[in-house]
1. Would you work out which of V195, L245, S61 lies farthest towards the positive end of the dipole of the chain? Charges go on Cβ: Lys and Arg +1, Asp and Glu -1.
2. Where Lys and Arg each count +1 and Asp and Glu each count -1, what net charge lies around V156 among other residues with Cβ under 9 Å from its Cβ?
3. Positive end of the charge dipole of segment 91-162 (Lys, Arg +1 and Asp, Glu -1 on Cβ, about the Cα centre): tell me which of V139, T113, S158 has its Cα farthest that way.
4. To make sure I understand, if each residue's beta carbon is the centre and we count other beta carbons within 10 Å, what order do T225, T266 fall in, fewest to most?
5. Counting only helical runs of four or more DSSP H residues, what would the 222 nm mean residue ellipticity of the chain come to if each run contributes -39,500 (n - 2.57) and the total is spread over all its residues?
6. With 23 Å as the cut-off, how large is the P(r) tail for segment 109-192, expressed as percent of Cα-Cα pairs?
7. Take the alpha carbon atoms of segment 257-286, find their center, do the same for segment 56-71, and report the distance between the two centers in whole angstrom.
8. Among L18, L217, what is the fewest-to-most ranking by other Cβ atoms within 10 Å?
Amino acid sequence: MVTVTAAAPTVTGDERTLTPAQYEEWAAEVRRLADERGAVVLAHNYQVPEIQDVAHHTGDSLYLSRVAAQTDAREIVFCGVHFMAETAKILSPEKTVLLPDHDAGCSLADSITAEQLREWKAEHPGAVVVSYVNTTAAVKAETDVCCTSSNAADVVRSIPEDREILFCPDQFLGAHVKRVTGRENIRIWAGECHVHAGISPSDVRSQIAAHPDAEILVHPECGCTTSVLDLVSNGDLPAERTRVLSTGGMAEAAAATRAGQVLVATEVGILHQLRALNSGTQFIPMNDRAACRYMKMITPEKLLRTLQTGQGAIEVPDDVAARARRAVEAMIAIGEPGRGGE
Ligand code: SF4
């Protein structure tokens, strides 16, 4: 049996914890065990590099949920955070979904509970609840329609103008949606992801000053989103070089760009994939301390142990899963969500 003694989990995102020789041995065993179990390994864009590299599929949360729903594999090993594995389970209730560390949570998903949402709804009877996919299954079950970062504006536009909207949990995505749709009757929950909220307007100012010709990719959960778009509106940033995208959208943009430098405002783990997609461009973090400790809880060692033991199954009560699935399917019915989620 292969054993891996990895260094402590990184908190800087784009670093390896295994030597090349350790990686080869570990990756061969991960693939062998996955084949033996009939498992597919999915990795989010913010996972450590080794896990992104060994996974059968790497991408954003919505993409991975779709792969989970469509795969023929009996078992899904989800390398991401708890709400993502729950979403895969909601969409694929007949499959076993394993999460290598159940403590891999999310500060954004934790910013609203189902109880808080029920109380908010009681204060606004008749309002339509739109929840970002970064929510627990219990919150999705209290939701009318889910959204991703790439289709949030379309979801809001699909709701009649005269209906009040409760948007949760991300205040920065909510403010972005309000701005692009021009909807006034939208109430926004004051939640945030501690990692994205920490990418600030001052980071943007200093990085743009240091890299004046760089393209700019911003995830709408970031605390700097509004100031970046204000710079575009004021003519201080060229619109053609500035985009607000999901992590999946960033990967597509990175593969296509011919820019010499690209500033990236999101969790730093994505830099590994962007650099792999395009070696001719320099990808620079807008804030190099933007690392998600929850994402880094999924270590090579824990992934291997999960495949060895089969432990770590995600369970969602049937009634909660059924109501949550309706909210996700309502989103899909509005239109092709494309790449999306975090
Ligand atoms: S980066 Fe933020 S939104 Fe993403 S999993 Fe971590 S805490 Fe949650």
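Only the coordinates and a few stated rules stand behind these numbers; no lab work does. In this text the structure is predicted, and so the values were computed from the model without any measurement. Quick reminder, even Gly has a Cβ in these numbers, built from the backbone with ideal geometry, and neighbours come from all protein chains shown.
1. Comparing the listed Cα positions along the dipole, L245 ranks first.
2. Details: positive: R157, K178, R183; negative: D154.
Neighbourhood net charge equals +2.
3. Checked the options; the winner is S158.
4. Details: T225 23, T266 30.
Fewest-to-most Cβ neighbours within 10 Å comes out as T225, T266.
5. Values: 15 runs with 144 residues, N = 342.
So the helix-based figure for the chain works out to -12000 deg cm²/dmol.
6. The proportion of pairs with Cα distances above 23 Å equals 9 percent.
7. 22 Å
8. Values: L18 21, L217 27.
So the residues, fewest neighbours to most, are L18, L217.
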